[in-house]
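The structure under discussion appears below in the form of structure tokens.
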Amino acid sequence: DGKLIAPFWADVDTLGTGVVWYRNTTEGDLLGRFRDMVARLQSQDSFTPSYLFIATWDHVGYFYENIDKTNTFQCVLATDGLKSYAVFLYADGEIQWNSEDTADFVGEAGMDGGKEESLTTHAGFNAGDGINFAVLPESNSPQSIINVDNTSNVQVPGVWVFQIDGEEIVVEGVCNSVDVQPKVYINPRSGPQQGGTAVIVTGPCFEESYNIICAFGGREVE
């Protein structure tokens with residue numbers, strides 16, 4: 001598997017309609033807007049990005065040159081050199097097709113060897129090692145992915161925010177749920193015996209006022 005970040009992994013086709021835009025930016029206004037969004041949606045007041053990558057799929061059609069339905073969505077990647085975030089944005093009412101639509105054409109053309117069921121739309125992340133991946137719950141069925149513009153992990157329809165600098169990516173929003181225990185991520189997992197290694201502890205629901213205590217054997221360190 002290849003490494004990928006995919007807000008909508010399917011057979012996009014821009015030959016009939018639509019365009020894909022992308023750019024890198026350090027524009028101050030955009031950096032500030034992203035900082036404010038993360039602070040508002042994930043309570044991460046300490047994150048100020050120094051760099052953004054923005055990719056937009058604007059009213060794109062599907063294979064092969066179909067234009068009766070179009071999708072509009074966006075992926076924004078941000079980092080400050082230590083923390084990194086990915087945001088998937090889905091335009092309201094503008095996710096109209098999924099891989100079932102492309103499967104109809106592929107099956108009729110005899111191009112898939114009768115394996116239409118393998119053509120599934122996914123949204124999420126893949127580390128490319130065959131082990132580590134994370135997908136949105138909407139990837140479970142074609143109809144669910146069509147409604148991704150009405151769902152969220154930060155309680156804002158069509159907006160999905162992920163911290164992606166740790167060993168795992170948390171997909172589900174957990175800060176406002178009493179039924180889910182948030183995960184804590186530690187990096188690095190090991191260091192030299194003589195000590196001196198800085199240990200970074202992160203999680204989706206930490207706030208600056210929290211007092212974090214780490215236990216090493218029987219010894220606790222704040």
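The values are calculated or read from the model by the stated rules, or taken from the named source; none is laboratory data. A quick note: this is a predicted structure, and the numbers were derived from the prediction, not measured. Quick reminder, even Gly has a Cβ in these numbers, built from the backbone with ideal geometry, and neighbours come from all protein chains shown. Note: areas computed on protein heavy atoms with side chains; ligands, DNA, RNA excluded. Shrake-Rupley method; radii C 1.70, N 1.55, O 1.52, S 1.80 Å.
Take the alpha carbon gyration tensor of region 28-90, find the square roots of its eigenvalues, order them as a ≥ b ≥ c, and report rounded if a/c is under 1.5; if not, report prolate when a/b exceeds b/c, else oblate. Note, shape of region 28-90 comes out prolate. In terms of accessible area, using a 1.4 Å probe and ignoring ligands and nucleic acids, 131, 145, 212 rank largest first as 131, 212, 145. On full extension, the segment bounded by residue 144 and residue 48 gains 31.2 nm, given 0.36 nm per residue less the C-alpha separation.
Looking at region 1-107, the chymotrypsin sites (Phe, Trp or Tyr not before Pro) that sit in a DSSP loop and have at most 14 other Cβ atoms within 10 Å of their own Cβ are 64. Per residue, the accessible area of region 1-79 comes to 55 Å², computed with a 1.4 Å probe over protein heavy atoms only.
Label positions at residue 29 and residue 167, each projected 7 Å from the Cα along the C-beta direction, are separated by 4.3 nm. Once the Cβ-Cβ distance of residue 209 and residue 155 is raised to the sixth power relative to R0 = 22 Å, the FRET efficiency obtained is 0.50.
Give me the percent relative contact order of region 4-66, please, defined on Cα pairs under 8 angstrom at least 6 residues apart. Reported as a whole number, the value is 53 percent.
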